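The block underneath contains the structure these notes are about, expressed in structure tokens.
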Amino acid sequence: STPSNSSAASDVYKRQKQQLRVGVIGCGAIGREHLRRLTDVVPETIVTGVADYFLPAAQSAAEMFHCTAFQTGEDLIASPDVDAVVVTSADPSHAAYVLEAIRHKKFVFCEKPLAQTAEECQQIIAAEQAAGKKLVQVGFMRRYDRGYMAMKHAISSNEIGAPLMIHAAHRNMSQAPGFETDYAVTRVAIHEIDICRWLLDDEYATAQVLGVRQSSRTSGEWLNPQIMMLTTRSGQRIDVEVQTDGAYAYDIQCHVVGEDGIVSLPDPTSVTKRAAAATHTPLMTDWKDRFIEAYDIEFQEWAKSLLNGAPTGPSAWDGYVACVTGDALIRSRQTGKPEDIVLPEKPEMYE
Ligand code: NAP
């Protein structure tokens, strides 16, 4: 066929493809990343609206991504031009926007954490049950990272025998001003809380934070590092070293030890230099780069699943379990003892 014919054919293909009209609430660091992603990397989505507390932020994003700047998140959710909502505003605003989207029976992708408290997560679960339809997905993007996916496959296909324990580390170079000790759980280790139960396909039984010598490189007043210990119902143990500040790189480590072997998270690909009688392999410094492909796949899968009728990624239940586990970790720092993690029965929708 001639070049003009093939481009006409591709136009027809594009027009025939169903597209989801997405509105994004929160035009900060990750909001802008996801706007770019939804525009450039996910063929199934078109961004039709943005909102932000700070209206000029929404207006400049609207100009860049050729869409409408709404006065409020609520206006965006109610708009007939928005089929699905992405919540990337500050943590304390998540639950109310998710509930509002459910009230409008609209799909909603919420960055972690789903809510500030387990009680708010339960309200979201109750609203989703009442809507009678799965609408919510939570932004635990590590489940879409190729390294973690390969680890999960190795574990579930019994390549390392029964998993016994996990050694994990989450090391950050810096934090924005205003960081607090509890955020090491609610903003940082929340990723390990989710990924470890997903890898092991088990629920947690207890949670504890252990004290450790403090790093002199911490720039603020919060505790750093912290060690977080979790046990699962089948008796596996997980230790997570969390350095929120002053680390040598943004470095994520995870080793699952089984009866017959170990499976480890690979480092991202990087050129190794051999010179001056030494080898040198750079590490990453920014979370946006470390998990860029995982975020892309996360949104591609989200869009496809919605066009097929319902989200298939991390659910409101997963957001709830992360909150309950985080609460137990924070409580244990105060009691100095392991805290039990008690969950109600999982509603059928999340099986
Ligand atoms: P950020 O740069 O501070 O951006 C948040 C934006 O939302 C700001 O523009 C803020 O406006 C706006 N905002 C705050 N409250 C709002 C409200 N009630 N309604 C509308 N807009 C509101 O923060 P970020 O780093 O992008 O993080 C945003 C969210 O994504 C957080 O919940 C964070 O935990 C999550 N996140 C997840 C990952 C991940 O790995 N999955 C990574 C990064 C962030 P003002 O500046 O005027 O307050």
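In terms of modelled amide H atoms, which long-range or inter-chain residues lie less than 5 Å from the amide H of VAL86?
Residues meeting the criterion, in which the H sits 1.01 Å from N, are GLY23, VAL24, ILE25, PHE109.
Does anyone have the angle between helix 316-335 and the longest principal axis of the chain? Alpha-carbon axes, 0 to 90°, nearest 10?
Once rounded, the angle reads 30 degrees.
Pull out the extension gain between ALA277 and TYR53, defined as 0.36 nm times the separation in residues minus the alpha carbon to alpha carbon distance; nm, one decimal.
Gain in length upon complete extension: 75.2 nm.
Compare the peptides 260-269, 25-34, 183-192 by average per-residue count of other Cβ atoms within 10 angstrom and give them in order, highest first.
183-192, 25-34, 260-269
Which of SER157, SER234, TRP222 sits farthest toward the positive end of the charge dipole of the stretch 151-235, with +1 on the Cβ of Lys and Arg and -1 on the Cβ of Asp and Glu?
The one lying farthest along the dipole's positive direction is TRP222.
Got a number for carbon plus sulfur as a percent of the stretch 194-351's accessible area, 1.4 Å probe?
After summing per-atom areas, the C and S share lands at 48 percent.
In Å and from the alpha-carbon atoms only, list the Rg and Dmax of the stretch 202-245.
So, for the stretch 202-245, Rg and Dmax equal 12.8, 39 Å respectively.
Which aspartates and glutamates does LYS134 reach when only Cα atoms under 18 Å apart count, and residues fewer than 8 places away in its own chain are ignored?
Cross-link targets: ASP83, GLU100, GLU111, GLU120, GLU298, GLU301, ASP318, GLU345, GLU348, GLU351.
If you take the C-alpha gyration tensor of the stretch 209-302, multiply each eigenvalue by 5 and take the square root, what semi-axes do you get, largest first, in whole Å?
25, 23, 18
Please tell me which of these pairs span more than 22 angstrom C-alpha to C-alpha: LYS105/LYS152; LYS105/LYS288; LYS106/LYS288; LYS304/LYS346; LYS133/LYS304; LYS112/LYS346?
LYS105/LYS152; LYS105/LYS288; LYS106/LYS288; LYS304/LYS346, as the Cα separations exceed 22 Å there.
How big is the equivalent ellipsoid of the stretch 93-177 along its three axes, where each semi-axis is √(5λ) from the Cα gyration tensor, reported in whole Å from largest to smallest?
31, 19, 12
Give, rounded to the nearest 20 debye, the magnitude of the charge dipole that the chain has about its Cα centre when Lys and Arg contribute +1 at Cβ and Asp and Glu contribute -1 at Cβ.
Rounded to the nearest 20 debye, it is 620 debye.
Could you tell me what fraction of 2.2 N^0.38 Å the Cα radius of gyration of the chain comes to, as a two-decimal ratio?
1.05
Could you work out, for the stretch 273-340, what percent of all Cα-Cα pairs fall into each 5 Å distance bin, beginning at 0 Å and stopping at the bin that holds the largest distance?
Taking all Cα pairs of the stretch 273-340, the binned fractions are 4, 12, 10, 10, 12, 13, 12, 10, 8, 6, 2, 0 percent.
Using the C-alpha atoms of the stretch 26-173, what convex hull volume per residue, in cubic angstrom, is computed?
167
Please compute the Cα-Cα pair-distance distribution of the stretch 131-192 with 10 Å bins starting at 0, giving whole percents from short to long.
That works out to 15, 34, 30, 18, 2, in percent per bin.
Could you give the angle, 0 to 90 degrees to the nearest 10, between helix 190-200's Cα long axis and the longest principal axis of the Cα atoms of the chain?
Approximately 80 degrees, to the nearest 10.
Tell me the Rg and the Dmax, in Å, that the Cα atoms of the stretch 194-351 produce.
Just the Cα atoms of the stretch 194-351 yield Rg and Dmax of 18.9, 61 Å.
So how far apart, in nm, are the two label points at LEU210 and ARG233 if each is 7 Å from Cα heading toward Cβ?
Spacing of the two 7 Å Cα→Cβ label points: 2.6 nm.
Below 13 angstrom from the Cβ of ASP327, what's the summed charge of the other residues (Lys, Arg +1; Asp, Glu -1)?
-3
How far apart, in nm, are two points set 7 Å out from the Cα along the Cα-to-Cβ line at MET149 and at ALA126?
The answer from the label model is 3.7 nm.
Can you tell which of ILE193, LEU329, LEU210 lies farthest toward the positive end of the dipole of the chain, using +1 and -1 charges on the Cβ of basic and acidic side chains (Lys, Arg; Asp, Glu)?
Of the candidates, ILE193 comes out farthest on the positive side.
Using a 1.4 Å probe over the heavy atoms of the protein chains, calculate the carbon and sulfur portion of the accessible area of the stretch 94-171 as a whole percent.
Roughly 53 percent, rounded to a whole number.
Per residue, what accessible area does the chain have, given a 1.4 Å probe and all protein chains present, in Å²?
47
Work out the FRET efficiency for THR39 and ASP267 from their Cβ-Cβ distance, taking R0 = 22 Å, and round it to the nearest 0.05.
The computed FRET efficiency comes out at 0.15.
Any idea how far the Cα center of the stretch 185-245 sits from the one of the stretch 129-147, in Å?
22
I'd like to know how the stretch 165-263 sits against the 2.2 N^0.38 Å rule of thumb: what's its Cα Rg over that expected value?
This ratio for the stretch 165-263 stands at 1.10.
The values are calculated or read from the model by the stated rules, or taken from the named source; none is laboratory data. The structure displayed is predicted, hence computed values, not measured ones. Cβ atoms come from the backbone with ideal geometry, glycine included; neighbour counts cover every protein chain shown. Only protein heavy atoms, including side chains, enter the accessible area calculation; ligands, DNA and RNA are left aside. Shrake-Rupley method; radii C 1.70, N 1.55, O 1.52, S 1.80 Å.
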